[in-house]
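The values are calculated or read from the model by the stated rules, or taken from the named source; none is laboratory data. From a predicted model like this one, the values you see are computed outputs, not experimental measurements. Just so you know, the surface numbers come from the protein's heavy atoms only, side chains and all, with ligands and any DNA or RNA stripped out. Shrake-Rupley method; radii C 1.70, N 1.55, O 1.52, S 1.80 Å.
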Amino acid sequence: MSEASVAVHADADLLAQAVAARLVVRLLDAQAERGQASVVLTGGRIAAAVYRAVGALPARDAVDWSRVDFWWGDERFLPAGDPERNETQARAALLDALPVDPARIHAMPASDGGADPEEAAARYAAELARSARPGTAVLPHFDVLMLGVGEDGHVASVFPEHPVHYDSRPVSAVRGSPKPPPVRITLTLPAINTAEEVWLVAGGGDKAHAVGMALAGAGPMQVPAAGVQGTGRTLWLLDRAAAADLPARFRSLR
C-alpha cells in the first residue's frame, strides 16, 4: 500500500481545475499503457465542479472516451434520474457531453430497478466481477478512484462506526445512514483499496478536522478516510481551507 501524499490549492475553484487536469492526464497514461482506462466517480459539490472543469479542458479531446469505464464508489438508493443520485450529477456535469460508450457506464442500481438494497449491491458486485481480469480478481482494474471526504471523515458511504465496516464483500447495502438519504449502496474499504490510485478530494473549512484526523493516523472505524490507500498512490487533493488542520509534517504545504 502507498504512503499518502498531499497537494494543496489556493481555493475550491483551483482545486477543481487541478483535479480535472490530473484526471485527463491519468486517463491518457492508462490508455497509453493498457489501451483503455477505468475511473471510479464520486459525488458532491467538489466532484461536480471537477466534472465541469474536465468538460471545459481542451485536452479532454485527447482521451478516447469510448475506451473509458466509469464506475461509482457509492450511490444514494433513489429512483433513476433523481437529482440526488451521484450518477445523475455526473451525467449532467460531464458524461452526457462526452462520446462515451453507454455499455461502459456502470451505474449502481436505482431504487426503482426491482431489487431491494441488498440485492442491488449484489448485482453491482456481479457487474464488477464480470469486468474483472479473467482468473485474477473479483474486481476490475481501477486506474483512479476518486473520493470525497465528509465532515465526519466518511468516504463513499462508509460512515464512522457503521456496520458496513464489517462487510468483507466488495459492495454493501447501507441502511440507517447518518446522512440522508438513509439507504445507500457503497463499495467497501477493501474494494476501494484495490485501486491503483486513490484520490481524496476535499474543499472547505468544514472538512479540515476530518482531513487532519485522517492524516494524523486516526483509526478507520472512527475516521473511514484514514483507512483508504491505493496500491500505487494515495493522493489527498485539498484547498487551503480543508488543509487548515494538517499534521505538522504536511504544514509546509498549506
Amide H contacts of A241 (H built 1.01 Å from N, under 5 Å, at least 5 apart or other chain): G204
Carbon/sulfur fraction of accessible area - segment 1-110, other protein chains in place, 1.4 Å, %: 53
For V174, enumerate residues with amide H under 5 Å from its amide H, sequence gap 5+ or separate chain, H modeled in the peptide plane. R184, I185, T186
Taking θ as phi - 60°, what are the ³J(HN,Hα) couplings along segment 231-240 by the Karplus curve (6.51, -1.76, 1.60), each to the nearest whole Hz, with x for Gly and Pro? 6, x, 7, 10, 10, 9, 10, 10, 8, 4
Accessible-area value, D245, 1.4 Å probe, nucleic acids and ligands omitted, Å²: 80
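How many Å³ per residue does the convex hull of the Cα positions in segment 50-166 occupy?
Working: hull volume 15.9 nm³, N = 117.
Expressed per residue, the convex hull around the Cα atoms of segment 50-166 is 136 Å³.
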For segment 112-254, the Kirkwood Rh over every pair of distinct alpha carbons, in Å, works out to 15.8
Starting from a Cα-only point model with no solvent, please compute log10 I(q)/I(0) by Debye for segment 1-101 at q = 0.14 1/Å. -0.57
In the set (1) 19.7; (2) 18.1; (3) 18.7, which value of Kirkwood radius over Cα pairs in Å was calculated from the structure you see? (2)
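Counting only helical runs of four or more DSSP H residues, what would the 222 nm mean residue ellipticity of the chain come to if each run contributes -39,500 (n - 2.57) and the total is spread over all its residues?
On the way: 6 runs with 69 residues, N = 254.
The per-residue figure over the chain is -8500 deg cm²/dmol.
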I need the helices of the chain that pass two filters: whole DSSP H segments spanning 15 Å or more by Cα along the axis, and mean Kyte-Doolittle score no lower than 0.0. 12-34, 45-56
Enter the accessible area per residue of segment 1-60 (Å², integer; probe 1.4 Å; all protein chains in place). 44
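Expressed in nm², what is the orientationally averaged projection area of the convex hull enclosing the Cα positions of segment 137-200? It would help to have the intermediate numbers written out before the result.
Numbers: hull surface 17.1 nm².
Result: 4.3 nm².
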